[in-house]
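Okay, so here's the structure we're looking at.
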Amino acid sequence: MSKEIILNCEKLERRFALLSNGKLEEYKIERDDDSPKAGDIFLGRIINLDTSLQAAFIDIGAKKNAFLHFKEMLPGNSELVEQYRSDLASKENAISTKRKKQPSTPENSPLNAEVSRRKKKITMEDIPNIFHPGMEILVQVAKAPISTKGARVTTDITIPGRFLVLMPYSEHIGLSSRIEGTSERERLRKILGQLELPEGMGMICRTNGEGRKHTFFKRDLELLLDYWKKIENGVESRIAPQRLFTEPNLIDRTARDFMTDEIDGIVVDDPDAWKHIKDLLKRVGGSKLASKVTRYKGAAPIFDYYRIDEQLTTVFQREVKLPGGGAIVIDETEALIAIDVNTGHGRKLTDQPEFILKTNLEAAEEIARQLRLRNVGGLVVLDFIDMQSAGDRDELYRYMKKLVKEDRAKTQVLPLSKLGLMEMTRQREHESILDQVYDPCPYCRGSGMVKSALTMSAEIQRELSSVMKDKKFRGVALRVFMHPDILARLKDEDAQLLSDLEKKYKNELSFRADPSLHYEEFRLVDAETGNDVR
């Protein structure tokens, strides 16, 4: 099976696509903004502690305060916890001394109850006594802001590298569960044991480390420790709220997380990104790994050439067709993702168990793919076609578990319930693709969706670049008609980008507002003839 990564790098956004035999399996979009991203590390400030929610709200400099659960506050604050234990011990000694002076103390007295409680482990009830509003605290974003919710953070810091994950506040040494083979696991454990790791720290060997030599891990650990040293220096010298570490961009994450031996190649359409990722892979994996990176020089947009945009249409459709004639219907709600499986054109065969099982298995495969493509998470409820056979239900459950096993997001699947529903949860760290690309429609007040002005601007510039690359349009004056709101975006935030396009291709560009056009429509015409270019 051929696996290939396609990277489209533009001024406004970068797009990632993973193809398996030409079929789109994963899709990501990245845009430059200051919003917190999963993996970012902040020096934050506690705003308040809510005992009813058992959570603290942290100012990290974002529009909304971050949410930090009480149980996530302890890992990175051992000194505070130890100080609190010490204070408890002093109080306990004082209580014990007072109790000894008394002639007799009943076992159920408040004094004995207090001593007993103080001997217990630190619990959620102790958190408000350890932390207080105004205190600075080092946190890492576990889940980026989604919809109206702020980021979710933790003090259990982890810094991922290419082969290792550094855990500054844990002494655990482990291996990825995806690394198989007793001899290989033993070899890697031996290598990890030879690495010079500061006291009190731990690390995990990532799947990428399988088959690698000691040198790769040593170099990776040195880089991670350097990151951590800079973070510690930031804690000492900065004032909260402050971002101390930023998760690498999409280009760097592609090299770090996705470029394994299973990937046959990376195709990049930007010369600077091509050189950067090639040099990065050569540094961490040698010339053989770097040789898998290819620069795309075609005239057609790279996502058109590889038929990715064509496949992306299903990401924004409510109904997705199945090869056997059936279909799945996907509804994203605030509470959960509901997916219904329909037999479609094959309804005449719905009384045949073999056909029902085949359709359900097809649906399971497409559901697993769509969850990855759409990057949706939380609670997912699957309504498969009813099956009478317990064996068929078990087969479907096993197949779904197998399909989600390779998903990078943590996923849990439960067997079919008595009502014929399968429940699953999928980890969600970022906004879904739907939320990234679309804004609530101003025409219907949120009951539908339209593409954002940023997305439309990117599409217009993409179309202009494609046209101006064509020799027959060299030097031709082009005029673009669009919705007034889109024009406002181009004249303001993207004016410089359009000026750069004119200089690069030596075409004269002009833009006009047309209120009759839909928000997602634009016309590209020859300014002299008035004829549509495409």
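Quick notes
- Residue match in region 272-289 (condition: outside any helix (DSSP H, G or I), touching a Leu at 6+ places or on another chain (Cβ under 7 Å) and surrounded by 13 or more Cβ atoms within 10 Å (Cβ to Cβ)): no
- Region 235-264, subset among the hydrophobic types (A, V, I, L, M, F, W, C) and in a helix (DSSP H, G or I), residue farthest from V165 (Cα to Cα): V235
- Within region 141-173, the set of residues being assigned to a strand (DSSP E or B) and open to solvent by 10 Å² or more (accessible area, probe 1.4 Å) comprises A142, K143, I146, K149, R152, T154, P160, V165, M167, I173.
Rundown of residues vs (1) surrounded by fewer than 15 Cβ atoms within 10 Å (Cβ to Cβ); (2) on the phi > 0 side of the Ramachandran plot; (3) modelled with pLDDT of 60 or more, yes/no style:
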{"residue": "H69", "(1), (2), (3)": "no, no, yes"}
{"residue": "P75", "(1), (2), (3)": "no, no, yes"}
{"residue": "Y84", "(1), (2), (3)": "no, no, yes"}
{"residue": "D87", "(1), (2), (3)": "yes, no, yes"}
{"residue": "E92", "(1), (2), (3)": "no, no, yes"}
{"residue": "N108", "(1), (2), (3)": "yes, no, no"}
{"residue": "E114", "(1), (2), (3)": "yes, no, no"}
{"residue": "T123", "(1), (2), (3)": "yes, no, yes"}
{"residue": "N129", "(1), (2), (3)": "yes, no, yes"}
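- Which listed residue, of D269, D226, is closer than 17 Å to R283 by Cβ and modelled with pLDDT of 90 or more: D226
- Residue within region 14-34 that is closer than 29 Å to A368 by Cβ, of a type in the set (G, A, S) and under 21 Å from the mean Cα position of the chain (by Cα) present: yes
- Counted residues, region 35-67 - those being open to solvent by 50 Å² or more (accessible area, probe 1.4 Å) and either more than 23 Å from the chain's Cα centre (by Cα) or at pLDDT below 85 (or both): 7
- Scanning region 174-211 for residues that are outside any helix (DSSP H, G or I) and open to solvent by 70 Å² or more (accessible area, probe 1.4 Å) gives S177, R178, E180, E196, E199, E210.
- No other residue among E362, E334, E354 is open to solvent by 70 Å² or more (accessible area, probe 1.4 Å) and over 24 Å from E30 (Cα atoms) apart from E354.
- Entry remark, region 404-433: residues being surrounded by 16 or more Cβ atoms within 10 Å (Cβ to Cβ) and over 18 Å from the mean Cα position of the chain (by Cα) number 4 in total.
- Of all the numbered requirements in (1) of a type in the set (A, V, I, L, M); (2) under 29 Å from S237 (Cβ atoms); (3) modelled with pLDDT under 90, M1 misses one, and that requirement is (2).
- Spans of strands (runs of 3 or more DSSP E) in region 467-528 with at least 1 residues open to solvent by less than 70 Å² (accessible area, probe 1.4 Å) and without any contact (Cβ under 8 Å) to a residue 40 or more places away in the chain: 509-513
- Looking only at region 297-327, and only at residues there that are in contact with a Phe, Trp or Tyr (Cβ under 8 Å, 6 or more places away or on another chain), without any contact (Cβ under 8 Å) to a residue 40 or more places away in the chain and closer than 21 Å to E26 by Cβ, the one that is surrounded by the most Cβ atoms within 10 Å (Cβ to Cβ): D309
- There is at least one residue in region 264-277 that is within 29 Å of V467 (Cα to Cα), among the basic types (K, R) and without any contact (Cβ under 8 Å) to a residue 24 or more places away in the chain.
- The criterion of being at pLDDT 85 or above, within 23 Å of R534 (Cα to Cα) and touching a helix residue (DSSP H, G or I) at 6+ places or on another chain (Cβ under 8 Å) holds for S457.
- When D407, D392 are checked against the criterion of being touching a strand residue (DSSP E or B) at 6+ places or on another chain (Cβ under 9 Å) and acidic (D, E), D407 stands alone in meeting it.
- Unique residue being without any contact (Cβ under 8 Å) to a residue 24 or more places away in the chain and under 25 Å from the mean Cα position of the chain (by Cα) when the list is K230, K213, K218: K230
The values are calculated or read from the model by the stated rules, or taken from the named source; none is laboratory data. Source: prediction; values computed, not measured. Using ideal geometry, Cβ is built from the backbone for each residue, glycine included, and neighbour counts are taken over all protein chains shown. Side chains are part of the model used for accessible areas, which takes the heavy atoms of the whole protein and leaves out ligands, DNA and RNA. Shrake-Rupley method; radii C 1.70, N 1.55, O 1.52, S 1.80 Å.
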